[in-house]
């Protein structure tokens, strides 16, 4: 994977996490569960994250793989806990 594609995949993940944060600002989990538009928006961004992670998976044997995890951890630490919570919580009842 060319370096440009690596950066694009990382940027896609970071942007999606940021948008999930924007979509859910001020919401608790109960409010989130009652808002189908927000659920759909968050699910779409989780799909973007998943697709980008799959693209990054092709780097398994390349040195760049070591750095993308650090990049994501740094970005996630600057995001709200709600984005991380929603990104790791199943959406089904």
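The values are calculated or read from the model by the stated rules, or taken from the named source; none is laboratory data. Predicted model, so just to flag it, every value in this text is computed and none were measured. Reconstructed Cβ throughout: ideal geometry from the backbone, glycine too, with neighbour counts over all protein chains shown.
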Hey, can you tell me all the residues within segment 1-18 that are within 16 Å of residue 51 (Cα to Cα) and either touching a strand residue (DSSP E or B) at 6+ places or on another chain (Cβ under 8 Å) or surrounded by fewer than 16 Cβ atoms within 10 Å (Cβ to Cβ) (or both)? 1, 5, 7, 8, 11, 15
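Looking only at helices (runs of 4 or more DSSP H) that lie completely in segment 18-84, which have at least 2 residues being under 26 Å from residue 6 (Cβ atoms), under 13 Å from the mean Cα position of the chain (by Cα) and at pLDDT below 60?
Values: elements: 29-33, 36-57, 65-78.
It comes to 65-78.
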